[in-house]
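The block underneath contains the structure these notes are about, expressed in structure tokens.
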Amino acid sequence: MSLPQPKPWISAIAPYIPGKATTPSGRPAAKLSANESPLGPSPKAVAAMQAACLSAHRYPDGGATVLREAVARHHGIEAERIMCGTGSDEALHLLAHAYCSADDEVMFVRHGFMVYPIAAQRMGATLVEVADRDYTADVDALLAAVTPRTRILYLANPNNPTGTYLAESEINRLHAGLPSDVILVLDAAYAEYVTAPDYESGLKLARTAPNVVTTRTFSKIYGLAAERIGWCYGPAHIIETLHKVRGPFNVTSAGLAGAVAALEDQAWIERARAHNNQWLPWLQAEIEALGLHVVPSQCNFLLIRFPESDGITAEAANLALQEAGYILRWLPGQGLPDCLRLTVGTEEENRGVIAALAAFIRSAQAERQAS
Ligand SMILES: Cc1ncc(COP(=O)(O)O)c(C=O)c1O
């Protein structure tokens with residue numbers, strides 16, 4: 001009996017692996033694997049979502065008007081040039097959907113966000129993975145990899161899972177070197193965490209360039225990952241195209257209400273930023289004091305590199321930390337088998353995960369001495 005067969009390029013997709021929420025034994029644990037906000041959503045956003053649930057029998061506003069206007073006010077951009085989506089993931093997928101065919105190439109940086117290759121593969125496009133340098137996007141290498149078949153360059157700035165970023169001048173240099181028919185997608189999911197003074201999220205370039213789109217999310221600092229709300233901003237001709245292919249009711253009423261209230265509660269966002277500014281450097285210093293290397297991060301997570309010798313490997317650390325009740329992200333699928341990514345947690349989680357990591361290293365060293 002022959003079975004229905006998916007298109008071959010769909011069969012070839014390696015599914016997205018979400019951050020784990022439970023340990024192998026099923027024991028509850030601190031989830032430090034998905035770059036979520038340890039503070040959770042603003043209580044004002046929660047109240048707005050609860051109120052919106054009373055109208056759950058009505059379809060949401062498919063145009064996401066109130067949210068687009070709130071985003072436009074907050075960022076000083078035009079509401080007509082914003083498209084809201086089911087997470088920023090939807091915008092990332094729709095860009096490939098609308099602009100790529102089977103003969104096209106889609107570029108992204110090695111050690112990048114897993115959604116880009118999936119979005120491209122869905123269209124049967126050819127994946128062009130470009131080497132990074134010191135875990136950071138390499139503008140010259142990216143420009144050298146452009147061909148007449150290149151349609152999209154996806155760039156997370158700052159990048160997940162490395163936490164590194166490109167300065168505004170480097171982004172401008174990258175854009176200046178790209179052909180005008182290539183879309184530069186600047187994914188700024190972690191923009192609100194960035195402290196580097198020479199960073200710009202992409203809004204500035206997306207405002208003036210006819211081939212730049214920037215994507216943003218309410219899943220990270222706004223603490224609304226479960227609601228699936230993101231948006232993108234770019235030239236009118238691209239935004240109009242994306243509207244044609246998006247789901248007609250792609251953001252829920254509760255999500256819209258929650259996001260508007262979250263945006264208006266900037267005091268909550270300031271708290272989240274201050275928490276990150278306190279604990280990100282603390283975690284980095286503590287991990288380095290244990291003799292491990294940390295990639296400098298502008299996000300709410302750190303990439304920790306293990307020596308992969310004397311029992312101190314990322315895989316062994318991952319298991320030991322899970323047993324101690326902390327779930328991090330091991331990244332062999334992203335070419336980083338020697339790394340764990342750690343999301344900044346609550347104070348208790350941060351102190352706990354460092355104590356567990358120190359205990360793991362002590363026991364690995366004791367075992368080596370005994371052998
Ligand atoms: C770089 C990057 N872009 C986009 C996203 C997707 O976010 P959303 O929840 O808005 O789909 C993530 C989530 O982890 C991310 O790390």
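Each value in this text was obtained by applying a stated rule to the coordinates, not by laboratory testing. Here the structure is a predicted model, which means the values were calculated and not measured. So basically every Cβ, Gly included, is an ideal-geometry build from the backbone, and we count neighbours across all protein chains shown.
Report the charge-dipole magnitude of the chain in Debye, nearest 20, computed about the Cα centre from +1 at each Lys and Arg Cβ and -1 at each Asp and Glu Cβ.
In total the dipole reaches around 760 debye.
Compare the peptides 6-19, 58-71, 33-46 by average per-residue count of other Cβ atoms within 10 angstrom and give them in order, highest first.
33-46, 58-71, 6-19
Alpha carbon centre of the range 123-142 versus the range 153-168: separation in Å?
11 Å
Work out the length of the dipole vector of the range 36-159 about its Cα centre, built from +1 on the beta-carbon of each Lys and Arg and -1 on the beta-carbon of each Asp and Glu, and round it to the nearest 20 debye.
That gives the range 36-159 a dipole magnitude of about 400 debye.
Counting other Cβ atoms within 10 Å, keep those with at most 14, restrict to DSSP loop, and tell me which chymotrypsin sites (Phe, Trp or Tyr not before Pro) in the range 192-265 are left.
PHE249
Where the eigenvalues come from the Cα gyration tensor of the range 274-371, what are the semi-axes √(5λ) of the equivalent ellipsoid, largest first, in whole Å?
Sorted largest first and rounded, they come to 21, 15, 12 Å.
Roughly how many nanometres apart are two label points built 7 Å out from the Cα toward the Cβ at SER180 and ALA285?
According to this spin-label approximation, the distance is 5.1 nm.
Could you work out the relative contact order of the range 43-264? I mean the mean sequence separation of Cα pairs under 8 Å and 6+ apart, divided by the number of residues, in percent.
Once normalised by length, the contact order is 30 percent.
Which one, THR65, HIS97, THR195, projects farthest toward the positive side of the charge dipole computed for the range 43-264 from Cβ point charges (K/R +1, D/E -1)?
So the residue we want is THR65.
What are the ³J(HN,Hα) values, in whole Hz, obtained from phi via the Karplus relation 6.51 cos²θ - 1.76 cosθ + 1.60 with θ = phi - 60°, for each residue of the range 182-193 in sequence order, with x given for Gly and Pro?
Ordered by residue, 3J(HN,Hα) equals 9, 7, 9, 9, 9, 8, 10, 4, 10, 3, 5, 8 Hz.
In nm, give the distance between the simple-model label positions of HIS293 and GLN365, each being 7 Å from the Cα along the Cα-to-Cβ direction.
Modelled inter-label distance: 2.0 nm.
Based on Cα positions only, what radius of gyration and what Dmax would you give for the chain, in angstroms?
When restricted to Cα atoms, the chain yields Rg and Dmax of 21.1, 67 Å.
Report, in debye and to the nearest 20, how large the dipole of the range 1-96 comes out about its Cα centre when Lys and Arg carry +1 and Asp and Glu carry -1 on their Cβ.
Dipole magnitude for the range 1-96 comes out near 340 debye.
Residue-wise, which Karplus ³J(HN,Hα) couplings in Hz belong to the range 54-68, taking 6.51 cos²θ - 1.76 cosθ + 1.60, θ = phi - 60°, and x for glycine or proline?
With the stated coefficients, the range 54-68 comes to 5, 9, 5, 7, 9, 5, x, 6, x, x, 6, 4, 5, 5, 4 Hz.
Report the label-to-label distance for GLU69 and SER101 in nanometres (one decimal), using points 7 Å from each Cα along the Cα→Cβ vector.
That separation, rounded to one decimal, is 4.1 nm.
Given q = 0.08, 0.10, 0.16 Å⁻¹, what are the Debye log10 I(q)/I(0) values for the range 43-264, with equal point scatterers placed on the Cα positions and solvent ignored?
-0.27, -0.42, -1.06
Helix-derived [θ] at 222 nm for the chain: sum -39500 (n - 2.57) over DSSP H runs of at least 4, divide by residue count, nearest 500?
That comes out to -12500 deg cm²/dmol.
What FRET efficiency comes out for GLU129 versus ALA21 if R0 is 45 angstrom and r is the Cβ-Cβ distance? Round to the nearest 0.05.
0.95
Which of the three applies to the range 1-87, rounded, prolate or oblate, going by the alpha-carbon gyration tensor with a ≥ b ≥ c and a/c under 1.5 meaning rounded?
Because a/c hits 1.5 or more and a/b fails to exceed b/c, the range 1-87 counts as oblate.
Neighbouring Cβ atoms within 10 Å as the yardstick, rank GLU240, GLU200 fewest first.
GLU240, GLU200
Gap in Å between the Cα centre of the range 88-118 and the Cα centre of the range 258-286?
Here the two parts' Cα centres lie 29 Å apart.
Around THR150, which amide H atoms from residues at least 5 apart in sequence, or from another chain, sit under 5 Å from its own amide H, with H modelled in the peptide plane?
For THR150, whose amide H was placed from the backbone, the distant partners under 5 Å are GLU105.
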